1. Can you spot the aspartates and glutamates whose alpha carbon is less than 18 Å from Lys282's alpha carbon? Ignore those fewer than 8 places along the same chain.
2. Can you give the net charge of the other residues whose Cβ lies under 11 Å from the Cβ of Phe144, counting K and R as +1 and D and E as -1?
3. With contacts defined as alpha carbon pairs under 8 Å and 6 or more residues apart, what's the relative contact order of the range 103-367 in percent?
4. Please compute P(r) over all alpha-carbon pairs of the range 103-367, binned at 5 Å starting from zero, and give each bin as a whole-number percent.
5. Rg(Cα) of the range 176-271 divided by 2.2 N^0.38 Å?
6. Go through 298-307, 100-109 and give me the packing order, highest mean Cβ count within 10 Å leading.
7. Ordered by residue, what ³J(HN,Hα) values in Hz, to whole numbers, does the range 72-77 give under the Karplus form 6.51 cos²θ - 1.76 cosθ + 1.60, where θ = phi - 60° and Gly and Pro are x?
8. Within straight cross-link reach of Lys251, meaning Cα distance under 12 Å, which aspartates and glutamates are found once same-chain residues fewer than 8 apart are removed?
Amino acid sequence: MRAFQPPITLKAAIAAFAVMVLFALSLTAASQTAFAQQGAEQNALQSNPTGGEVPGQSLGASSDADMWRAVRGGVQGTVSIPDEQAGVLVQSGGDIWRAIRNGPISNYSAYAIFAIIALLALFFLMRGRMRVSKGMSGRTITRFRYYERMGHWTVAISFILLSLTGLNILFGRYVILPVVGPEIFAQVTLAGKFIHNYVAFAFAVGLVWIFIHWVPHNIPTLTDVKWALKGGGIIVPSVHPDAYKFNAGQKVIFWLTILGGVSVVMSGWALLFPFTTSMFAKTFAFVNAVIGTSLPETLTPMQEQQFAQAWHTIMSVFLICVILAHIYIGSLGMEGAFAAMGSGKVDINWAREHHNLWVEEEERKAAAGRSSAFDKGSAAPPGAAQVPAE
Ligand code: HEM
């Protein structure tokens, strides 16, 4: 009788087991490779969802890089909605504009304003208040009539409101927001925006008003050169150079206010009515034609806005610095000056020290019986009876 034979020998079983283990191992390895491959493909798909092709195949098999380069370059496409600006998918110039606006423009504006305040404080400490050398006489002369003062204060009050609300737009989020919190800051800034937008019209009207009334007195003359060469009498207290109604320093303030003011009003207009103007392209073309520069003469509506915003800020901050110096001289810096724009009348000794040629002109007018600054309510010219003040 044959002995029992197991269906498989031990050796065969071990071999079969080994084959199975190998098979299992190779399966694991294969599946791991497959998973890894799948993961890589998924990653690739996430970073490059279209597989390098434009979705929808509308442009054929062009590379992503070329397409996005064009998009980043600000290529203007076509859209079927009224807002043509929407045809520009990525407006890369906006990055540059924002970096400049929140970087150098904001920084240098802050430095400039602090510097001018520090200089004025230093000047005050060194020079003190400019006094009337001969002291006040108690007799007055009409320096500015009511319509002149009305024009001045229209420009001045509107400018101060525009400056405060404008500076809040530039710096408020860094200076005021952390102090008052977002709710109050939002309300203040919203109110400020309305004040800024509407008061700008009063400023523009005031500019035209003072231009009409004061331009005849602000034409530069040789007297202004001599005044400037003597330092305007600002440095040495006893020096009082000749001056008519406005001295050279005041003429500079006048022209900066008018020209700078017009420039700020025009760039502000471009911001108030966006995408409706092309004044920067035209200005650049003009400048290129006159001095041969190569400024860009073709600007997109968005670039026009960016130039308008940058210019509006730079010019406004420059004017704020100039006007801070003006306010100092017109109030704290010089004894007797504020009355010129307050009551409209100044002491005759003050007038002779700072505007001697103007006083002489008015005396000649009065002597000739013409309307003059010595009319009712002012000091009498030499030889005439004093008219009592109102
Ligand atoms: C509280 C603020 C201000 C004060 C106290 C003030 C004071 C004065 C005074 C006293 C004068 C007459 C000077 C004289 O008799 O010779 C004057 C003139 C003038 N002011 Fe103002 N002012 C102020 C704000 C402004 C502002 C904000 C502007 C323009 C944005 C401005 C523009 C002018 C101009 C163009 C003149 C004529 C030229 C000159 O005298 O410099 N003022 N101001």
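Here, each number is a calculation from the coordinates, and none is a lab measurement. The structure presented is a predicted model; accordingly, all values stated were derived computationally and were not measured. Every residue, glycine as well, gets a Cβ built from its backbone with ideal geometry; the counts of neighbours run over all protein chains shown.
1. Glu297, Glu304
2. +4
3. On the way: 262 pairs, mean separation 89.1, N = 265.
Once normalised by length, the contact order is 34 percent.
4. Going out from 0 Å in 5 Å bins, the range 103-367 shows 1, 5, 10, 14, 16, 15, 13, 10, 8, 5, 3, 1, 0 percent.
5. Working: Rg = 19.7 Å, N = 96, 2.2 N^0.38 = 12.5 Å.
Taking the Cα Rg and dividing by 2.2 N^0.38 Å, one obtains 1.58.
6. Numbers: 298-307: 17.5, 100-109: 14.0.
The peptides rank, most packed first, as 298-307, 100-109.
7. With coefficients 6.51, -1.76 and 1.60, one gets 5, x, x, 4, 8, x Hz.
8. Within reach: Asp224.
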